[in-house]
Amino acid sequence: MKPLPVFLAALGCAAAVAQTIPDTHEKLMPTLWVQTSVEWRALAVQAYRTARTSLDAALKEKRWTAALEQSGFYRKLPPAIILDIDETVLDNSPAQARQVLARSGFTVEGWNEWVREAAAEEIPGSSEFCRYAASRKVTVFYLSNRDAGSEADTRRNLQRLGFPLAEGTDTVLLRGEKPEWQSEKTPRRRMVAERYRVLLLVGDDFGDFAAGVRTGVEQRREISSANGERWGKQWIMIPNPGYGSWEGALLEPERPMTPLEQLWKKETWLRTK
Ligand SMILES: [Mg+2]
């Protein structure tokens, strides 16, 4: 048999490579999991049912507080809960789906466009839970690292979905509304804790609960273990497989990395045993 011309052999190689490494995107599977699976929906509903049970217990137990920032004589303060917004009460998976289809990463422009649309649907179970809390005279705070400039669009989105928004108090606390309100949420939690007894924290990211979580994998686990009793009681976590501060913990924060370097670095964390 005549040997294949060189260029045809090269084409064959390319086809073999294409079969083993399909054209895909890191966000494809997490986005599909959120958008189509019963499993993700059930986890969210389960989390918000747990939150409701905890809220009832917390209202009766005056020593109960969820905020590490709570101090002093807080037992007689009026009750409040603090929820994160993105991937905690609002489902932004369509914004991630757009990245998958465009084969692009996160961009500020793309994100801002999505926020302006105010088109996010709710995380299953979240608005019903928040309305229940409000019906029990618990003030509902939304503490988010969305930019302060997006407050009107964010409120419009929350309002359309029936989330309680208190009158007379700013309960939508966004990043940059005050100079000290940066992505670390501690100062905002402290501010709420000075005026309210914080019954619950609900979030999708460790930073929604504790300070100093933008660190390494092991250190994050230590902070979590030190507060291990809080999970499922004062602290309710919503599953977000798409992104979070856990991802930064895998990388090397001291130097910028290309997307390919980031992928390689993440692969070094895979356990095969
Ligand atoms: Mg979030």
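The values are calculated or read from the model by the stated rules, or taken from the named source; none is laboratory data. Remember, it's a predicted structure, so these values are computed and weren't measured experimentally. A quick note on method: Cβ atoms are made from the backbone with ideal geometry, for glycine too, and the neighbour counts reach across all protein chains shown. For the accessible areas, the whole protein counts, side chains as well, though only heavy atoms, and no ligand, DNA or RNA atoms are used. Shrake-Rupley method; radii C 1.70, N 1.55, O 1.52, S 1.80 Å.
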> Could you give every pair whose Cβ atoms fall below 9 Å, whose first residue belongs to the range 46-59 and is on the phi > 0 side of the Ramachandran plot, and whose second residue is open to solvent by 10 Å² or more (accessible area, probe 1.4 Å) and small (Gly, Ala, Ser), counting only separations of at least 6 or pairs across chains?
Replying inline: none
> Just wondering, is there one or more residues in the range 41-53 that are open to solvent by 20 Å² or more (accessible area, probe 1.4 Å) and assigned to a loop (DSSP other than H, G, I, E, B)?
Replying inline: no
> Would it be correct to say that Arg221 is among the basic types (Lys, Arg), within 16 Å of the ligand (Cβ to nearest atom), over 15 Å from Ile82 (Cα atoms) and open to solvent by 20 Å² or more (accessible area, probe 1.4 Å)?
Replying inline: no
> Which residue out of Trp264, Trp231 is free of Cβ contacts under 8 Å to residues at least 12 places away in the same chain, among the aromatic types (Phe, Trp, Tyr) and surrounded by fewer than 13 Cβ atoms within 10 Å (Cβ to Cβ)?
Replying inline: Trp264
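Listed here are the residues, each with its yes/no results for (1) among the charged types (D, E, K, R); (2) more than 28 Å from Asp170 (Cβ to Cβ); (3) open to solvent by less than 50 Å² (accessible area, probe 1.4 Å).
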site: Ser37; (1), (2), (3): no, yes, yes
site: Lys62; (1), (2), (3): yes, no, no
site: Ala66; (1), (2), (3): no, no, yes
site: Ala97; (1), (2), (3): no, yes, yes
site: Arg116; (1), (2), (3): yes, no, no
site: Ala119; (1), (2), (3): no, no, yes
>> Restricting to the range 168-185, name every residue that is away from the ligand (no atom under 16 Å from the Cβ) and either within 23 Å of Thr53 (Cβ to Cβ) or in contact with a Leu (Cβ under 8 Å, 6 or more places away or on another chain) (or both).
In response: Thr171
> Looking at Ala80, Ala102, which is the one that is open to solvent by 40 Å² or more (accessible area, probe 1.4 Å), more than 16 Å from the ligand (Cβ to nearest atom) and small (Gly, Ala, Ser)?
Replying inline: Ala102
>> Step by step: first the residues of the range 83-99, then only those that are in a helix (DSSP H, G or I) and within 16 Å of the ligand (Cβ to nearest atom), then the one that is nearest to Arg41 (Cα to Cα). Which residue is that?
In response: Ser93
> Do we have any residue at all in the range 171-193 that's without any contact (Cβ under 8 Å) to a residue 60 or more places away in the chain, in a helix (DSSP H, G or I) and surrounded by fewer than 22 Cβ atoms within 10 Å (Cβ to Cβ)?
Replying inline: yes
> Condition test on Ser150, is it within 16 Å of the ligand (Cβ to nearest atom) and either at pLDDT below 95 or open to solvent by 10 Å² or more (accessible area, probe 1.4 Å) (or both)?
Replying inline: yes
> What tally of residues in the range 121-147 results from selecting those that are of a type in the set (S, T, N, Q) and either assigned to a strand (DSSP E or B) or open to solvent by 20 Å² or more (accessible area, probe 1.4 Å) (or both)?
Replying inline: 4
>> What pairs come out if I take residues in the range 237-249 that are more than 14 Å from Ile85 (Cβ to Cβ) and pair them with residues that are of a type outside the set (Lys, Arg) and open to solvent by 40 Å² or more (accessible area, probe 1.4 Å) whose C-beta lies under 6 Å away, six or more apart or interchain?
In response: Pro239/Leu43; Pro241/Trp33
> If you take the residues in the range 194-210 that are in a loop (DSSP other than H, G, I, E, B) and more than 8 Å from the ligand (Cβ to nearest atom), which one is surrounded by the most Cβ atoms within 10 Å (Cβ to Cβ)?
Replying inline: Phe209
>> Checking the condition out of contact with any Lys or Arg (no Cβ under 6 Å at 6 or more places or on another chain) and farther than 25 Å from Ser126 by Cα, which residue from Lys233, Lys266 passes?
In response: Lys266
>> Let me confirm something: among Glu252, Glu261, Glu229, Glu222, which residue is of a type outside the set (Ser, Thr, Tyr), over 28 Å from Ser37 (Cα atoms) and outside any helix (DSSP H, G or I)?
In response: Glu252
